[in-house]
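Student: Before I ask anything, here is the structure I am working with.
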Amino acid sequence: MLDVLSGFATIAAVIGVGAIVAHFKVVDLGASVLLNRVAFFVASPALLLTTIAATDVSHVLSANLLATAAGVAVPAITYAVVGRRVWRRRPGEVVIGSLASSYVNAGNLGIPVAAYALGSASFVAPTLLLQLLVLQPAALALLDSDRSGRRPRVGEVLRRPFTNPLTIGTLVGLLLAVTGWRLPTPVLAPIELIGAMAVPGMLLAYGIALRLGPGLGGDLPAGELALTTGLKLVVQPLVAWAVAAGLLGLQGHALLAVVVCSALPTAQNIFVHATRYDRATTLARDTILLTTIGAVPVILLATYLLGR
């Protein structure tokens, strides 16, 4: 488990660098927006392309997918209902809150955690592909519609995700994974180099926003941050465990893999989306912070209880 702790420590260190350069006025809050834009439009699509292209797509069809999907659906729907009815959140804010409650850091943290703690990065494949091929395109379509301020036509809803750079990168990566094609080195090398900028760019932007943005909780309604954090750290892994063990009969290492992947913290790219669409940025930022801290004891507890 030292490798798991090392992964979290690395993330915290890069976020800390962002906060430090902001504190000493090397950059201002505008740098966070700029880094997020570069991550959204350039670096993240490149990273998604190379990540998906190297993933064994057959793993997404495993029984784990049902438990993973249930673990995502319950907290996302719970926040959507409560956020809309209790706090009267706008549609775009509901999308960000639902993602903050259920969209795990399956890429830059999930892959090393799966590799080191579970023995194979393939265990995170169902979560990774479900998010990139279903949740993210749907969420981005809803965010685009919310920003446009009008009810879109059916054709627009179906077409809009395919104009988003993140979805395009995902679909190209999926095509490469399914067909087994490999990009020539002169094409692949610069894509990998640009993709390598995505994670540190997101983390630096996040650290800048932590230092220069509103304090923890900001002007959020009482209980909203607690709800998203509790849904992510407690409800999601519990639902995944219940479905995996109770309905699918998974045991041992397979069951542990489902629970650990569901207990991963909220992904940093949710803050990128929130910033990009100017929706619930404080909620996304603070949920990421609290779940990144809280995921460590949750994952260690799950490993102790299920890994014996």
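Student: I'd like to check which helices (runs of 4 or more DSSP H) are fully inside the stretch 27-92 and have at least 1 residues that are over 29 Å from THR163 (Cβ atoms).
Tutor: Working: elements: 29-38, 44-53, 64-85.
By residue number, 64-85.
Student: Give the residue that is surrounded by the most Cβ atoms within 10 Å (Cβ to Cβ), with candidates limited to residues of the stretch 247-265 that are outside any helix (DSSP H, G or I) and more than 14 Å from the chain's Cα centre (by Cα).
Tutor: So in the stretch 247-265, the residues outside any helix (DSSP H, G or I) come out as 248-251, 263-265.
Cutting the leftovers down to more than 14 Å from the chain's Cα centre (by Cα) gives us 248-251.
Details: LEU248: 18, GLY249: 10, LEU250: 20, GLN251: 11.
Checking each candidate, the answer is LEU250.
Student: Examine the stretch 183-200 for a residue that is at positive phi, outside any helix (DSSP H, G or I) and surrounded by fewer than 22 Cβ atoms within 10 Å (Cβ to Cβ), and state whether such a residue exists. Before the answer, list the steps.
Tutor: Of the stretch 183-200, the ones at positive phi are none.
So far as the stretch 183-200 goes, no, none of its residues is at positive phi, outside any helix (DSSP H, G or I) and surrounded by fewer than 22 Cβ atoms within 10 Å (Cβ to Cβ).
Student: So for the stretch 280-290 (the condition being part of a helix (DSSP H, G or I), among the charged types (D, E, K, R) and either on the phi > 0 side of the Ramachandran plot or surrounded by fewer than 21 Cβ atoms within 10 Å (Cβ to Cβ) (or both)), does at least one residue qualify? Give the steps one after another, and end with the answer.
Tutor: Narrowing the stretch 280-290 to residues part of a helix (DSSP H, G or I): 281-290.
Filter again for among the charged types (D, E, K, R), leaving 285-286.
Next, from what is left, pick out any that are either on the phi > 0 side of the Ramachandran plot or surrounded by fewer than 21 Cβ atoms within 10 Å (Cβ to Cβ) (or both): none.
For the stretch 280-290, residues part of a helix (DSSP H, G or I), among the charged types (D, E, K, R) and either on the phi > 0 side of the Ramachandran plot or surrounded by fewer than 21 Cβ atoms within 10 Å (Cβ to Cβ) (or both): absent.
Student: Filter the stretch 94-117 down to the residues that are surrounded by fewer than 24 Cβ atoms within 10 Å (Cβ to Cβ) and either over 25 Å from THR55 (Cβ atoms) or in contact with an Asp or Glu (Cβ under 6 Å, 6 or more places away or on another chain) (or both), then identify the one that is modelled with the highest pLDDT.
Tutor: Ranking the qualifying residues of the stretch 94-117, first place goes to VAL94.
Student: Filter the stretch 294-308 down to the residues that are assigned to a helix (DSSP H, G or I) and without any contact (Cβ under 8 Å) to a residue 12 or more places away in the chain, then identify the one that is nearest to the chain's Cα centre (by Cα).
Tutor: Applying the first criterion (assigned to a helix (DSSP H, G or I)) to the stretch 294-308 yields 294-306.
Imposing the further condition that a residue be without any contact (Cβ under 8 Å) to a residue 12 or more places away in the chain reduces the set to 297, 301, 304-305.
Numbers: PRO297: 19, LEU301: 22, TYR304: 25, LEU305: 25 Å.
Looking at the filtered set, the residue picked out is PRO297.
Student: Could you list, in sequence order, the residues of the stretch 208-222 that are out of contact with any His (no Cβ under 8 Å at 6 or more places or on another chain) and either within 21 Å of ALA295 (Cβ to Cβ) or touching a residue at least 24 places away in the same chain (Cβ under 8 Å) (or both)?
Tutor: As a first pass, look at the stretch 208-222 and keep what is out of contact with any His (no Cβ under 8 Å at 6 or more places or on another chain): 208-210, 212-222.
Listed by number, the residues that qualify are ILE208, ALA209, LEU210, LEU212, GLY213, PRO214, LEU216, GLY217, GLY218, ASP219, LEU220, PRO221.
Student: Would you confirm whether or not the stretch 212-221 contains a residue that is within 24 Å of ILE270 (Cβ to Cβ) and either part of a helix (DSSP H, G or I) or among the hydroxyl-bearing types (Ser, Thr, Tyr) (or both)? Let's see the steps before the verdict.
Tutor: Within the stretch 212-221, the subset within 24 Å of ILE270 (Cβ to Cβ) is 212-221.
Right, trim to either part of a helix (DSSP H, G or I) or among the hydroxyl-bearing types (Ser, Thr, Tyr) (or both) and you get 212.
Yes, the stretch 212-221 has at least one match.
Student: Could you tell me whether the stretch 25-34 includes any residue that is touching a helix residue (DSSP H, G or I) at 6+ places or on another chain (Cβ under 7 Å), closer than 27 Å to ILE168 by Cβ and crowded, with 18+ Cβ neighbours inside 10 Å?
Tutor: Yes, the conditions are met somewhere in the stretch 25-34.
Student: Follow-up question, since we're still on this one. Could you check, for the stretch 234-246, whether at least one of its residues is under 15 Å from LEU99 (Cβ atoms), part of a helix (DSSP H, G or I) and modelled with pLDDT of 95 or more? Even if it seems obvious, please write down each step before you answer.
Tutor: Within the stretch 234-246, the first condition is being under 15 Å from LEU99 (Cβ atoms), and the residues that meet it are 235-236.
Within this subset, residues satisfying the condition of being part of a helix (DSSP H, G or I) are 235-236.
Among the residues that remain, those that are also modelled with pLDDT of 95 or more are: 235-236.
Checking the stretch 234-246: at least one residue is under 15 Å from LEU99 (Cβ atoms), part of a helix (DSSP H, G or I) and modelled with pLDDT of 95 or more.
Student: Are any of the residues in the stretch 4-19 assigned to a helix (DSSP H, G or I), under 16 Å from the mean Cα position of the chain (by Cα), modelled with pLDDT under 90 and among the polar types (S, T, N, Q)?
Tutor: No; the residues of the stretch 4-19 include none that is assigned to a helix (DSSP H, G or I), under 16 Å from the mean Cα position of the chain (by Cα), modelled with pLDDT under 90 and among the polar types (S, T, N, Q).
Student: Residues to consider are PRO91, PRO75; find the one that is surrounded by fewer than 18 Cβ atoms within 10 Å (Cβ to Cβ) and at pLDDT 90 or above. Don't jump to the end; show me each part of the working.
Tutor: Details: PRO75 fails: surrounded by fewer than 18 Cβ atoms within 10 Å (Cβ to Cβ).
Exactly one residue qualifies, and that residue is PRO91.
Student: Still on this model: Restrict the check to the stretch 225-246 and report whether at least one residue is over 19 Å from ALA70 (Cβ atoms), touching a helix residue (DSSP H, G or I) at 6+ places or on another chain (Cβ under 6 Å) and surrounded by fewer than 24 Cβ atoms within 10 Å (Cβ to Cβ).
Tutor: Looking through the stretch 225-246, at least one residue is over 19 Å from ALA70 (Cβ atoms), touching a helix residue (DSSP H, G or I) at 6+ places or on another chain (Cβ under 6 Å) and surrounded by fewer than 24 Cβ atoms within 10 Å (Cβ to Cβ).
The values are calculated or read from the model by the stated rules, or taken from the named source; none is laboratory data. This structure is a prediction, so every number in the text was calculated from the model and none was measured. Virtual Cβ from ideal backbone geometry, glycine too; neighbours counted across all protein chains shown.
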